[in-house]
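Worksheet: one structure, shown below.
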Amino acid sequence: MNLRSEAAARRESLVPRRTISRQPDPAGAAALGSRRARHLLQDRAGLVAAATAVFAEHGFHSASMREIARRAGFSVGGVYQFYPGKDELYVAALEEGWTRLKAEIASALQARDSLGQLSALTRLLVDSYQTHRGLWQILTGEQAVLPPAFKQHLLRRLKSHMRHLRRLVAGIMQRGVKERVFRKVNVDLLASAYGGIIRQSFDDAILLGTAPPDADAILSVFLNGAACPGSRR
C-alpha cells in the first residue's frame, strides 16, 4: 500500500460509522395483534360449534374431548388451551347458543304490534330449532343425567336465560291485552300457555320423534284454541 492510500484509509477510519436502528412500528404491531385476536375468535367459534354437535349427538357423558378436537381440527391439547375441561366447554356451547338466540329475538321483536311480534318470535324459535337443533337437544335431553353439582350450576345459568325469554313473552302478552288482541287475563298465564306449547312441541320432537314443530300450527292453537269455531264449551 502506498503512502496516499494509507492516508486515505486513516481518514476513513476516523469518520464515525452510521448505524441504522429499526424503530418499533406501532401500527404493524397493532395489526398483528388484531389478526391474532381474530384468529383466536374464529378458532374458539369453530371449537364451540364442534362441541355443540358432538354433545347433541352423543350426550354429555359419551362425548369425548378427542372427538370434539377432531371435528374442530384441533389437537386435544389445543382444546385445553381454550377450556380447562368438558364441563366448561359444555357451558360455553349453551352460552353461545343463548347469546345468538337473544340477539335474533331482539331483532324479531321490532314488529309494530303484538301479533306481529308473536308471529316473528314463533317463527324464529321454530327456525332456531331446525337450524340449531343441537342446542335444543342439549337443553331437552341432558339435564336428567348430568352430575348433580354440575347440573345445579348449569340450571342457575339457564334460569337466567329462561327468565329473560319469559319477560319478553309476557311483554308481548301485556301489549296484546292493551291492544285488545288477547283476552284480559293474567299475562303470566298467557306467557305460560304459549311457552308450554313451544317447549312441549320441541321436547316431543326430540324425545318421541314426533313431527317437527310448525310455526303456523303453534300460532293457530295458541290464538284460536283447540275447539272448532262455534262448538259448545
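Could you tell me which residue out of 48, 115, 76 lies farthest along the dipole of segment 25-122 toward its positive end? Charges go on the beta carbon: Lys and Arg +1, Asp and Glu -1, centred on the Cα centre. Sorting the options by dipole projection puts first 76. The trypsin sites (Lys or Arg not before Pro) of segment 32-118 that DSSP puts in a loop, and whose beta carbon has at most 13 other beta carbons within 10 Å, are 112.
Each Lys or Arg adds one and each Asp or Glu takes one away; over the other residues whose Cβ falls under 14 Å from the Cβ of residue 178, this sums to +3. In a fully extended conformation the segment linking residue 211 and residue 44 would gain 56.8 nm over its present Cα-Cα distance, using 0.36 nm per residue.
Under the rule a/c < 1.5 gives rounded, and otherwise a/b versus b/c splits prolate from oblate, where does segment 161-233 land using the Cα gyration tensor? Oblate. Placing a label point 7 Å from the Cα of residue 127 along the Cα-to-Cβ line, the residues of segment 183-223 whose backbone N sits under 14 Å from it are 215-216. One decimal place: the segment residue 81-residue 34 gains 15.0 nm when fully extended, by the rule 0.36 nm per residue minus the C-alpha distance. Relative to a virtual label point 7 Å from the Cα of residue 181 in the Cα→beta-carbon direction, which members of segment 209-230 show backbone nitrogen distances below 20 Å? Once the point is set 7 Å along Cα→Cβ of residue 181, 214-226 turn out to lie under 20 Å by backbone N, inside segment 209-230.
The slack in the chain from residue 153 to residue 200, taken as 0.36 nm per residue of separation less the alpha-carbon distance, amounts to 14.5 nm. For the pair residue 62 and residue 193, a Förster radius of 41 Å applied to the C-beta separation gives a FRET efficiency near 0.70, rounded to the nearest 0.05. Highest mean first, the peptides 45-53, 150-158, 164-172 sorted by other C-beta atoms within 10 Å per residue fall in the order 45-53, 164-172, 150-158. Here the convex hull built on the C-alpha positions of segment 86-223 has a volume of 106 cubic angstrom per residue.
Read-outs: derived from the displayed coordinates by stated rules, not from any lab. In this text the structure is predicted, and so the values were computed from the model without any measurement. All Cβ positions, even for glycine, are placed from backbone atoms using ideal geometry, and neighbour counts span all protein chains on display.
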